[in-house]
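Colleague: Mind looking over this structure? Questions follow.
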Amino acid sequence: YILTNEHVVTGAEEIQVNVVGREKPLPAKVVGSDYDLDLAVLKIDAGDNLPVLKLGNSNDIAVGSWVIAIGNPYGLDHTVTVGVISAKGRPVTVQDRTYRNLLQTDASINPGNSGGPLLDLKGDVIGINTAVAEAQGIGFAIPSDTVRSVLNDLIKEGKVRRGWLGVEIQDVTPTIAEQLGLSDLKGVLIRNVLTGGPADHAGLQQGDVILAIDGKEIKDSDELLEQLRLIGPEKKVQVTVWRDKKSIKITVTLGERQ
């Protein structure tokens with residue numbers, strides 16, 4: 001199995017993988033992909049076991065830590081660049097794709113680096129190089145902890161299965177917080193409850209503010225969507241909502257986002 005970016009393989013009619021020490025490239029097929037996370041898993045038949053890099057823990061990497069990027073920028077294969085982690089949890093929009101939680105690095109990442117590993121100094125993969133900002137010296141990688149949370153779904157299901165509440169949402173604004181008696185701007189307002197959806201069946205209402213899921217505080221819409229992805233479908237969750245100027249808890253069985 002080979003981990004790469006979705007945008008590297010999408011639309012391809014034929015995929016071939018070059019393996020060091022092999023004279024001919026090996027045919028590969030996509031076994032799973034996800035547009036939103038920009039991740040894809042390929043499969044090849046190498047005939048024997050291949051050496052692999054260990055998937056590290058991106059949560060443990062600190063801003064300022066040294067990292068190494070490997071890839072084929074502008075077709076220059078096996079290029080190695082070094083830098084540090086400049087920031088974590090970056091939301092970035094590149095063309096028509098919005099990433100919610102990326103590692104930022106000043107290690108040189110250019111077109112052709114996509115799908116390559118971002119390594120810590122132990123040689124563990126802590127990110128998948130994926131995006132280039134317009135500013136020079138700024139590149140982004142998908143954290144390895146995000147990869148780990150969806151890898152089995154991509155291999156076994158061919159897609160990432162996400163939990164679904166069946167609501168239309170928006171972030172809490174100062175005006176909304178004042179009207180509803182909230183002391184801060186945390187939480188997500190339910191603008192509409194879809195008829196027949198999980199939230200409707202459980203009794204969530206328009207105007208409720210989601211404060212937490214299974215005790216984990218929800219700060220904004222992005223965090224809610226990420227939490228639902230991590231939990232997955234067909235799971236019972238306890239949703240803490242703000243209603244009538246007090247918090248209540250409602251149990252919801254999540255559906256699956258299509």
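Colleague: Within segment 32-49, how many residues are open to solvent by less than 70 Å² (accessible area, probe 1.4 Å), on the phi < 0 side of the Ramachandran plot and not in a strand (DSSP E or B)?
Modeller: Residues that pass the stated criteria total 4.
Colleague: Tell me which of these residue 86 doesn't satisfy, since it passes every other one: (1) open to solvent by 70 Å² or more (accessible area, probe 1.4 Å); (2) farther than 15 Å from residue 3 by Cβ; (3) touching a residue at least 12 places away in the same chain (Cβ under 8 Å); (4) not aliphatic (A, V, I, L, M).
Modeller: (1)
Colleague: Suppose we filter segment 93-108 for residues that are in contact with a strand residue (DSSP E or B) (Cβ under 6 Å, 6 or more places away or on another chain), more than 16 Å from residue 10 (Cβ to Cβ) and open to solvent by 10 Å² or more (accessible area, probe 1.4 Å); how many remain?
Modeller: So the count comes out to 5.
Colleague: On to the next question. Would you tally the residues in segment 213-224 being of a type outside the set (D, E, K, R) and open to solvent by 10 Å² or more (accessible area, probe 1.4 Å)?
Modeller: The qualifying residues number 2.
Colleague: Let me ask something else about it. Is at least one residue of segment 180-187 surrounded by fewer than 20 Cβ atoms within 10 Å (Cβ to Cβ), closer than 23 Å to residue 254 by Cα and not hydroxyl-bearing (Ser, Thr, Tyr)?
Modeller: Taking every residue of segment 180-187 in turn, at least one turns out to be surrounded by fewer than 20 Cβ atoms within 10 Å (Cβ to Cβ), closer than 23 Å to residue 254 by Cα and not hydroxyl-bearing (Ser, Thr, Tyr).
Colleague: Ok, one more. Suppose we filter 47, 64 for residues that are without any contact (Cβ under 8 Å) to a residue 12 or more places away in the chain and either out of contact with any helix residue (DSSP H, G or I) (no Cβ under 7 Å at 6 or more places or on another chain) or within 23 Å of residue 104 (Cβ to Cβ) (or both); which single one remains?
Modeller: Only one candidate qualifies: 47.
Colleague: Listed residues 193, 237; which is closer than 29 Å to residue 35 by Cβ, touching a strand residue (DSSP E or B) at 6+ places or on another chain (Cβ under 8 Å) and open to solvent by 10 Å² or more (accessible area, probe 1.4 Å)?
Modeller: That would be 193, the only listed residue that is closer than 29 Å to residue 35 by Cβ, touching a strand residue (DSSP E or B) at 6+ places or on another chain (Cβ under 8 Å) and open to solvent by 10 Å² or more (accessible area, probe 1.4 Å).
The values are calculated or read from the model by the stated rules, or taken from the named source; none is laboratory data. The model shown is predicted, which means the values in this text are computed figures rather than measured ones. Using ideal geometry, Cβ is built from the backbone for each residue, glycine included, and neighbour counts are taken over all protein chains shown. Note: areas computed on protein heavy atoms with side chains; ligands, DNA, RNA excluded. Shrake-Rupley method; radii C 1.70, N 1.55, O 1.52, S 1.80 Å.
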